[in-house]
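As structure tokens, the structure follows; a few thoughts come after it.
The values are calculated or read from the model by the stated rules, or taken from the named source; none is laboratory data. Because the structure is predicted, anything quoted here is derived from the model rather than measured. Here the Cβ positions follow ideal geometry from the backbone for every residue, glycine too, while neighbour counts run over all protein chains shown. For accessibility, only protein heavy atoms count, side chains too; no ligands or nucleic acids. Shrake-Rupley method; radii C 1.70, N 1.55, O 1.52, S 1.80 Å.
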Amino acid sequence: YRQIGVVLDDGRVAAHTGDFVEPGLYAGHRVGDGYAVLGNGLVGPEVLVAMADAFEGEADTAFEERLMRSLEAGLAAGGEGRRHVSSSIITALRGQRRPRLDLRVDIAPEGTDAIVDLRRILDEYAPFIDYYGSYWLDHPEVTGEQWLAMGSPRS
């Protein structure tokens, strides 16, 4: 019934799409080298194709940005055919004590799309991904702005 995708840092990928699909809509997944794209309630399989193509075409781009561009490609391909109310990007690295990135739009304001809102949030947050992902845990006395001024040290 449910849909789930897992990508491990060693490149292993798994995905499952349950058999429940709303009438007239599409549910499915695609897996590739180090990624999985999933969707249910989509306008068609072309949404997943667009997402996979966007992700594969951005190999030299930061991982979180690749994820965002993949979501945007799915939106441009028709997405769910309606306003997306929620969207998120959550990433983690093995051995880190907290997610590397955990950004969510749980309920987009009326008249907006959650994927568009997620882009805005990611753009503002991106300079601080490494700060909050690892540095801050060992240096809580250093603000994000101070960390940037120090040249964004890793330790």
- Note on the structure: Checked the range 57-105 against the a/c 1.5 cut and the a/b vs b/c comparison, axes a ≥ b ≥ c from its Cα gyration tensor; verdict oblate
- Item | Mean residue ellipticity (222 nm) of the chain, computed from DSSP H runs ≥ 4 via -39,500 (n - 2.57), nearest 500 | -8500 deg cm²/dmol
- Query: Taking the chain as the region of interest, what is the percent of Cα-Cα pairs per 5 angstrom bin, listed from the shortest bin to the one with the maximum distance?
  - Reply: 2, 9, 15, 19, 20, 15, 10, 6, 3, 1, 0
- Note on the structure: GNM of the chain, Cα pairs under 10 angstrom: of Gly32, Gly95, Gly74, the biggest fluctuation goes to Gly95
- Work out which chymotrypsin sites (Phe, Trp or Tyr not before Pro) in the chain are exposed loop sites (DSSP not H, G, I, E or B, at most 12 other Cβ within 10 Å) and give the longest gap free of them. 21-155
- Message: Calculate log10 I(q)/I(0) of the range 1-66 for q = 0.18, 0.21 Å⁻¹, where I(q) comes from the Debye formula with a single equal point scatterer on each Cα and nothing for solvent.
- Response: -0.68, -0.87
- accessible surface per residue for the range 12-56, probe 1.4 Å, DNA/RNA/ligands not counted, whole Å² -> 53 Å²
- Return the carbon/sulfur percentage of the accessible area of the chain, one whole number, probe 1.4 Å, all protein chains in place. 52 percent
- Note on the structure: Leu148 and Leu8 label points (each 7 Å along its Cα→Cβ direction) are spaced in nm at 3.7 nm
